[in-house]
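Here, each number is a calculation from the coordinates, and none is a lab measurement. On a predicted model such as this, the values are computed, not experimentally measured, just so you know. Positions of Cβ are generated from backbone atoms using ideal geometry, with glycine treated the same way; all protein chains shown enter the neighbour counts.
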Amino acid sequence: MNEKDKITKYLADLEKNDTFNKSKLEFLVKVYQTYEANEHLCTETENNNFYKNMSAYIQLNRYS
């Protein structure tokens with residue numbers, strides 16, 4: 001599973017999690033969708049870094 005797929009799964013899991021801050025979830029979804037729509041403007045390395053960092057951020061904040 002690549003980082004992009006992990007993020008999609010994490011975001012779906014967070015939507016089901018009643019304890020997760022909904023405004024934070026909405027923000028993460030907007031950031032992800034905006035980046036995904038514009039990823040063709042970036043290099044493969046930049047894309048990989050973004051998705052790795054976002055995946056790590058979501059993992060760290062899943063239970064907050």
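Those helices (runs of 4 or more DSSP H) of the chain in which at least 2 residues are polar (S, T, N, Q) and exposed (fewer than 11 other Cβ atoms within 10 Å of the Cβ), considering only elements entirely within it, cover 22-38.
Residues checked against (1) of a type in the set (Val, Ile, Thr); (2) within 17 Å of ASN2 (Cβ to Cβ):
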| residue | (1), (2) |
| --- | --- |
| SER23 | no, no |
| GLU39 | no, yes |
| THR43 | yes, yes |
| LEU60 | no, no |
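Taken as a whole, the structure places GLU15 among residues that are out of contact with any Lys or Arg (no Cβ under 6 Å at 6 or more places or on another chain) and free of Cβ contacts under 8 Å to residues at least 60 places away in the same chain.
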